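Shown next, in structure tokens, is the structure this report addresses.
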Amino acid sequence: MNKKTSVLLTALLLTASSCIPSSAQNLRIESLANDNSLIRIAPETTEKYLLLPIEDNAPESRISVVVDNQPVRSLNVRLALSKIDYYVPFELSEYHGKHLMLQTHVAVDHSNRGGVASAVCLKNIKLSDTFDSKNREKYRPTFHHTPEYGWMNDPNGMFYKDGEWHLYYQYNPYGSMWGNMHWAHSVSKDLINWEHRGTVLSPDANGTIFSGSCIVDKENTAGFGKDAVIAMYTSCIQTPWGHDLQEQSIAYSLDNGNTFHVYEGNPVLTADIVDFRDPNMFWNEDIKAWNLIMSAGQEMRIYSSPDMKHWKEESRFGKDLGGHGGVWECPDLMKLKVETAKPNNRPTSKAQEKWVLVCNINPGGPAGGSATQYFIGDFDGHKFTVDNESRYTNGGSLWQDYGKDHYAAVSFSNAPDGRQPMIAWMSNWQYANNVPTMQYRSANSIVREPFLYYGQEFVNGKSVNGKCLFLGSRPSPEYTGKGLDKTVKVKGSCTVTLSNDEGEEFSVIYDQKAMTLTVDRSKSGETQFSQDFAVPAVAPVRNKLTSLRLFIDNSSVEVFGNDGEVAMTSLVFPKSKYNKISIK
């Protein structure tokens, strides 16, 4: 072999198997065979973040995190292959002084991308002391809660304590599509302005962190301390054969929910079914014990416990009742007072009380996709029994919100003055991953006060079955007087239209003869990302409509008829804000 050939061969070998150049002294990236690479971060590294380039349309790449030759966690990340949409930070602080390696399987397509060495991500991964999370999205709301960056879905574990409202939520810090489920934390004093406090629960040996609830243990029933905040959540392990194993875990906080300690005895509850998730626990004074309602396939299971560690199954609910178009999720069970037939007439202290079981379902909603159904009845701490069972048979369903973008609605625990405010994820699984935002995805609805009222069921404009109880959703009083809403008086059939200078329109149509309320967003702005987005939503009106209250933000319109007797929540993506309102 001559000298020239030797030099050429050496160069080819280095290109195939050695490091991809990096300007960072403590960062080394090696491409390997079979679409794999090694990202090495030296113990001397002091930077706070490793910035990962993301491409939303890329398939998920698998990253195994190895510390001092020991695997500690894994991530699914849509690493950029051909272009960079944005960056996400991988925090390094806890690994300083250790040998950190990310074993990465990059999901490249050899037919048109040339293998792992050509992936844009490996040439642009970098160390940094800062991560720019400044808002760059024109659709980000101004008075709705959103994640600082990344993906958000179900609200989780909300509670009130010492003057603060705490909201946790399903969170992916490594991209703006669903995956890598954590709990992230936000806090508010007024339910409008939220402070981000980062992640509090991360995937562990028991799996990723799915939805759940939090309570304040005022009497130290669990033994973690008086007034400890206790979270119960679903731990989900995905098996090699593609099935989820879902079990229930608890964690406790001694600093008002800012940090959690995972209970060493987890899991505290298991079952022999695949879909077993979203625990919602509450103290029941009637039985002097904790109750728990769980989603289990297409029914609910109810449990009791003295300490939240040992649970006894009490009963099951839901077979052959309500909608069963999809899996049942995110339950709630609460006692509410009944209001009189007149709108705005608040209940007295002696008002009738009934229990409401909330059941989120996907798919199967009234406008397609995901939605929140409910059942009204009685609960004795052991068994829930519906009133007027015929209302829920043969597919009969009642819905808390008839818009397309109200899901996973659950209540805050420990709320003052006997309140049970609720908040929902403002999206729909039909298109949640594809809405036209990128730095973040998803927002929460405004917070609402559930109430029971008497109304009528109408068929072709004629009343049937007389007066019945229904669940309403009234905007929480914190929004009053803030200039966030517009109220329209209604005197018969009408169309209320929001529009902008580009001619885009969002319409609310009241048909008094048919007793229906319709929202039409087919001309509202960007709609092409999903064929399901522009489908009109129709709600039944239970009493003659006299007013509409609209909350209009940069990417949503929430409509409340008769102070919340009917609610319809819709995402919108107009080119510019709606600046005109007309009534016809």
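The values are calculated or read from the model by the stated rules, or taken from the named source; none is laboratory data. Keep in mind that this is a model prediction, so the values were computed, not measured. Here the Cβ positions follow ideal geometry from the backbone for every residue, glycine too, while neighbour counts run over all protein chains shown. Surface accessibility is based on the protein's heavy atoms, side chains included, excluding ligands, DNA and RNA. Shrake-Rupley method; radii C 1.70, N 1.55, O 1.52, S 1.80 Å.
Below, the figures for the structure above:
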item	result
Residues of segment 203-230 that turn out to be of a type in the set (S, T, N, Q) and free of Cβ contacts under 8 Å to residues at least 60 places away in the same chain, as a count	2
Which numbered condition Thr5 fails, given (1) modelled with pLDDT of 95 or more; (2) farther than 30 Å from Val200 by Cα; (3) polar (S, T, N, Q)	(1)
Contacts under 7 angstrom Cβ, first residue in segment 169-189 being open to solvent by less than 10 Å² (accessible area, probe 1.4 Å) and in a loop (DSSP other than H, G, I, E, B), partner at pLDDT 95 or above and of a type in the set (Phe, Trp, Tyr), 6 or more apart	Gly175/Trp151; Ser176/Trp151; Ser176/Tyr440; Met181/Phe210
Of all residues in segment 296-317 being part of a strand (DSSP E or B) and in contact (Cβ under 8 Å) with a residue 40 or more places away in the chain, the one that is nearest to the chain's Cα centre (by Cα)	Met300
Residues that are of a type in the set (Ser, Thr, Tyr) and more than 19 Å from the chain's Cα centre (by Cα), drawn from segment 551-584	Ser576, Tyr578, Ser582
Residues located in segment 25-44, provided they are surrounded by 13 or more Cβ atoms within 10 Å (Cβ to Cβ) and among the small types (Gly, Ala, Ser)	Ser31, Ser37, Ala42
Residues being part of a strand (DSSP E or B) and open to solvent by less than 20 Å² (accessible area, probe 1.4 Å) - total across segment 228-241	9
Index of the failed condition, Lys584 passing every other in (1) touching a Cys at 6+ places or on another chain (Cβ under 8 Å); (2) under 24 Å from Thr372 (Cα atoms)	(2)
Flag if Lys134 is modelled with pLDDT under 95, of a type outside the set (Asp, Glu) and closer than 19 Å to Leu32 by Cα	no
Those residues of segment 426-451 which are closer than 24 Å to Thr480 by Cβ and buried (at least 21 other Cβ atoms within 10 Å of the Cβ), in sequence order	Met426, Ala443, Asn444, Ser445, Ile446, Val447, Arg448, Pro450, Phe451
Residue count for segment 242-284, restricted to those that are in a loop (DSSP other than H, G, I, E, B), among the β-branched types (Val, Ile, Thr), farther than 20 Å from Ala408 by Cβ and open to solvent by 60 Å² or more (accessible area, probe 1.4 Å)	2
Index of the failed condition, Asp68 passing every other in (1) modelled with pLDDT of 95 or more; (2) under 30 Å from the mean Cα position of the chain (by Cα); (3) surrounded by fewer than 14 Cβ atoms within 10 Å (Cβ to Cβ)	(2)
Enumeration of residues in segment 537-567 that are open to solvent by 20 Å² or more (accessible area, probe 1.4 Å), β-branched (Val, Ile, Thr) and closer than 15 Å to Ser499 by Cα	Ile552
Filter result for Ser522 (of a type outside the set (A, V, I, L, M), part of a loop (DSSP other than H, G, I, E, B) and at pLDDT 95 or above)	yes
Subset of segment 128-145 [open to solvent by less than 30 Å² (accessible area, probe 1.4 Å) and hydrophobic (A, V, I, L, M, F, W, C)]	Phe143
Verdict on Asn57 being out of contact with any helix residue (DSSP H, G or I) (no Cβ under 6 Å at 6 or more places or on another chain), at negative phi and polar (S, T, N, Q)	yes
Qualifying positions in segment 465-496 - small (Gly, Ala, Ser), buried (at least 17 other Cβ atoms within 10 Å of the Cβ) and in a loop (DSSP other than H, G, I, E, B)	Ser476
Cβ-Cβ under 8 Å pairs, at least 6 apart or on other chains, segment 381-394 side farther than 16 Å from Glu314 by Cβ and loosely packed, with under 13 Cβ neighbours inside 10 Å, far side among the charged types (D, E, K, R) and at pLDDT 95 or above	none
Residue within segment 420-430 that is part of a helix (DSSP H, G or I), in contact with an Asp or Glu (Cβ under 9 Å, 6 or more places away or on another chain) and modelled with pLDDT of 95 or more present	no
Residues satisfying the stated conditions in segment 393-415, i.e. closer than 22 Å to Met568 by Cβ and either assigned to a loop (DSSP other than H, G, I, E, B) or at pLDDT below 95 (or both)	Gly395, Gly396, Ser397, Gln400, Asp401, Tyr402, Gly403, Lys404, Asp405, His406
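Residues checked against (1) basic (Lys, Arg); (2) part of a loop (DSSP other than H, G, I, E, B); (3) more than 21 Å from Ser473 (Cα to Cα):
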{"site": "Leu498", "(1), (2), (3)": "no, no, yes"}
{"site": "Phe506", "(1), (2), (3)": "no, no, yes"}
{"site": "Leu517", "(1), (2), (3)": "no, no, no"}
{"site": "Gln528", "(1), (2), (3)": "no, yes, yes"}
{"site": "Val538", "(1), (2), (3)": "no, no, no"}
{"site": "Leu545", "(1), (2), (3)": "no, yes, no"}
{"site": "Glu558", "(1), (2), (3)": "no, no, no"}
{"site": "Ser582", "(1), (2), (3)": "no, no, yes"}
